[in-house]
Each structure stands twice: as C-alpha cells, then as structure tokens.
Amino acid sequence: MAGKIKTVFVCNNCGFESPKWYGKCPECGEWNSFAEETRAPVKAAIASKQQLMLSVQYDAAYVSGLNEVDSSEEQRYKTGLNEFDRVLGGGIVRGSLVLLGGDPGIGKSTILLQMCQYLCERLKVLYISGEESRAQVKLRANRLGVTTDNLLLMAHTDIEYVVSAIQANKPDVVIVDSIQTMVASTVSSSCGSVSQVKECTQILARLAKNENVSIFIVGHVNKDGAIAGPKVLEHIVDTVLYFEGERNLFYRILRAVKNRYGSTNEIGVFEMCDTGLREVENPSMMLLSGKPSGVSGTCVVCVMEGSRPILAEIQALVSKSNFGVPRRMSTGFDYNRAALLIAVLEKRGGYFFGNLDAYINVVGGLKLDEPAVDLPVALALVSSLLDKPVSDNVIAFGEIGLAGELRAVTGVEQRIKEAQRMGFERCILPKTCLKGLDKTKYDIEIIGIRSIGEAFSYVTL
C-alpha cells in the first residue's frame, strides 16, 4: 500500500487519528469532532531508530546549572499598550510563542499592527501575512497611523520559506497572520487542516526557542468559539489570548486563557474606533456609563479580574410568562447558576418566580463567573420582581449558599476602595468579610449581612 493516497479521520479537539470515522472520539470523548483528511505519500529520507540514535552526539553546551544561565539581558519588550502588557504579564517575553484568537473582525490583526509602531522604535519586527498582500497590509497600516521603517512585510504561506526568512533577517518579533494559512510541505493535507496547523505551530515553537525570537500567531475560531485546530495547539504555545466582545459593540476585552509567564486572571479593555483600538484606562466608568437612574432590576457589582477591581452593572427583568413553562435566559452570567439563585430565592427568601420569565444581562459584554456576583444578581431579580429600584449609591458583592447564607469572598479591600473611588456611598457585603476590616479607613458606609432574606431591606430607595 506504500505510495498510495490514503484517507484518515482526525479529531479536531485532541488530534487523534483513525482510519475510520467515529461519532465520539475514543481518546477525548468529544462528539462529532472527526474531520476527513486525504494524505499523499511524502518523499523523505527514512532512517532506522538505531541509526538516528547513533548519529546524535551529546553536547555539554545544552546543559547548564540554574545559576549559570545568563539573565542580564532584557527578557520582556513593552508593546506601548498598557492594557496589552498587563494581560501578557508585563510585556512580551523573549523567545515566547503567543496565540491570539477571536471572532472575525474583532481586532486581532489591528492590535498587532498597532503594537508594531511602538516596538519598531528600537526593535526589528517581521509581519508575515498569509491572507493579504503587502500593499493591502500597507493600506491598513496607513489607516492605523503605523509609519515606521523597521517593520518588514512578507506575504507568503510556505512555512519553510517563512522560517528561512526569519533566520536570514533575524527580527526581534515576528507576527504570523494567520496560522491557518500556513502550509508545511512535509504534510500532504490542505492548509487549515488539523495536521497542517499542528505541524506549522510546532515548527514555529522550535524556531522561537532556538532563535530567541518572540512570535505572535493569529488563530481563527470555529462556530463554537474555540480556536480552530486541535486542542493540543494551545499546549504547544506559551500564551493563549482571546479577544471577546460583540461585533455590534465598540468595546473589546482581551483575556489570557493560558500564560506561562504571568497571570491568567488579568484582562485588557479596548474600544474600537476609526483609527484602531484605543485603551480604556477606566473600565468601571465605561461599563457604568448610561446606567439608568431610579429603574428597578439593576444592581452594581465589583468583580476582581486578577488584581484589578472592575465595576459592572447587572440587569434583570422578571415578567409574566405567556407559556406553560417560564423562560430563563442569561447573558454574561452562567445559566445554571442563575437557575440555582432563583431556586434559593424561592425557598429561602420567599419570592415566587414559578410562572414568571426571568432574564439576566451583564452590561458591556462582560462575562462574569466569580461567586461574588451572586448577591447583586439576586438583588436585581428581586428588584424587578417587586418593581422597587435599588438605590443608585449602593454596590453589592457576595456569594450565596444553598441555605440562603452569604459567604465571604476575596479582595474585599480592593473592591471597597474601587467603589469609594467611583462615588458609591453604601456597600453591601457578607458579614464574614468584616473580620479584620477597619471601617474607619473608608468614607463609604459598609453593611454586613448574614442571609439573602435581609439583604433587600438595605438597598431599596
């Protein structure tokens, strides 16, 4: 059978290969993840394992003690965008491989091209485009105000040719846009397939470590929102960044899903405008702009994104259902957690939602998943149910247990300071958070409560 074209099925989630199709991957258990690939024989020199082992010679230069490693050189490059640097952990690490994913048109290529303007003041950057010509990249650079001579442009999709260009020009930073357009001649499948994406990423990873060059690769996403290609792609790279946000909104959130050189809890907030992405230095003010006054069903929460407190507005709408089964809908907040909170409010708080539709929304496109959001969500639901507005000068945070009790959360002092800075006058939090807290240091009124039953009496007008 040697030399003949063969068909294999590859799992898009874990990269498992099989000669036959499976509805459920036997390796990772994912359903409907197999894609068909046609492969032709590749001409390559074949050597036995014994010959390969004999041909490899040990070099003592590859092994060194920890204290012998030279760390005097600058290990991070600043991008000129403080929000970007925060998500990366303080800047671009030399020799790192960063994967940037997001929906089409979200701003992936825009932020990387804007970054080049600052980097090229003292570094050499090579921008490799597999989707646009050099003239088209120049048009976009003119619109973004990128006018530098240290930015090298290249339009090519052959990964071997790309590697040769990087080794010849010796840039400090390389941008590959995008990895789905790159093709390796050693793999016979078409570009964008699981095998091609995996092989090209591995080649770039080895190049980044050997040449000590920082490489950014842009990754497309599939219909489920995950980066197209096997999940192992995220294990190959050092950092995985996601651009989040609705296409019909101006605000974009950059989040680190994986970061070997920094925290994965930090976020960067940007605003899309005519001249590209602009940093939002005060996300709390941005997210609270346009908040209605004296309207029921809204409550403000302070969440912690890494070491950064951010205020967000929670909205809830409770209305009579026109169907036999009431609807439950949640945007930016976990649906199952919302159903749990409604059950706790009915059982422990005495509020009835049985024949009512309940809708929950986090304003600004944020996705909140920390337990501290429980209390403001519950207050917004009760406020809409009773049609009694929550006071505009009130902020709340806290986790709700199944018994209706309020549980402590982390970062209490940072949350209170941010609420006070934004002009709020009253803060509702679990009573267990008051231990060791000096109220005299703050101008804001701090109220500790034990259960969800007594919470609503402190927040109404």
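The values are calculated or read from the model by the stated rules, or taken from the named source; none is laboratory data. Note that the coordinates shown come from a computational prediction; the quantities given were computed from them, not determined experimentally. Backbone-built Cβ (ideal geometry, glycine too); neighbour counts: all protein chains shown. In case anyone asks, the SASA skips ligands and DNA or RNA and just uses the protein heavy atoms, side chains included. Shrake-Rupley method; radii C 1.70, N 1.55, O 1.52, S 1.80 Å.
Assorted remarks:
- For residue 441, the aspartates and glutamates whose Cα comes closer than 17 Å to its Cα, not counting residues fewer than 8 places off in the same chain, are 413, 418, 425.
- Quotient of C-alpha Rg and 2.2 N^0.38 Å, computed over the stretch 382-461: 1.08
- Karplus-derived HN-Hα couplings along the stretch 305-320 (A = 6.51, B = -1.76, C = 1.60, θ = phi - 60°), whole Hz, x at Gly and Pro: 9, x, 9, 10, x, 9, 8, 9, 9, 9, 10, 9, 9, 10, 9, 5
- For the chain, relative contact order (Cα pairs under 8 Å, six or more residues apart, normalised by length) works out to 12 percent.
- For the stretch 127-138, 3J(HN,Hα) per residue [Karplus equation, 6.51 cos²θ - 1.76 cosθ + 1.60, θ = phi - 60°, Hz, x = Gly/Pro]: 9, 10, 10, x, 10, 10, 7, 5, 5, 5, 5, 5
- Helices in the chain, meaning DSSP H runs of at least 4 residues, each add -39500 (n - 2.57). Divided by all residues, the mean residue ellipticity at 222 nm is -7000 deg cm²/dmol.
- Helix 108-119 vs. the chain, principal-axis angle (Cα, 0 to 90°, nearest 10): 80
- C-alpha long axis of helix 335-344 to longest principal axis of the chain, angle in °: 20
- Separation in nanometres of the label points that stand 7 Å from Cα toward Cβ, at residue 417 and residue 367: 2.9
- Here the Kirkwood formula, the inverse mean of 1/r across different C-alpha pairs, assigns the chain a hydrodynamic radius of 25.3 Å.
- In Hz, Karplus ³J(HN,Hα) per residue of the stretch 283-291 (6.51, -1.76, 1.60; θ = phi - 60°; x = Gly, Pro): x, 4, 5, 5, 6, 9, 5, x, 5
- Taking 0.36 nm per residue of separation and subtracting the current Cα-Cα distance, fully stretching the chain between residue 136 and residue 27 would add 35.0 nm.
- Heavy-atom accessible area ranking, 1.4 Å probe, most first, across 402, 144, 311: 402, 144, 311
- Heavy-atom SASA rank of 120, 273 (probe 1.4 Å, accessible area, largest first): 273, 120
- Estimated FRET transfer efficiency (residue 327, residue 147; beta-carbon r; R0 45 Å; 0.05): 0.30
- Mean projection area, nm², convex hull over Cα of the stretch 102-222: 7.2
- Extended-chain gain in nm, criterion 0.36 nm per residue less alpha-carbon gap, residue 6 and residue 279: 93.3 nm
- When 201, 7 are compared by accessible surface with a 1.4 Å probe, the order from highest to lowest is 7, 201.
- Rough spin-label spacing in nm, given labels placed 7 Å along Cα→Cβ, for residue 170 and residue 335: 5.6
- Extended-chain gain in nm, criterion 0.36 nm per residue less alpha-carbon gap, residue 158 and residue 434: 93.3 nm
- When each of the peptides 166-173, 380-387, 361-368, 436-443 is scored by the mean number of other C-beta atoms lying within 10 Å of its residues, the order from highest to lowest reads 380-387, 361-368, 166-173, 436-443.
- FRET E, pair residue 441, residue 265, Förster distance 22 Å, beta-carbon r, rounded to 0.05: 0.30
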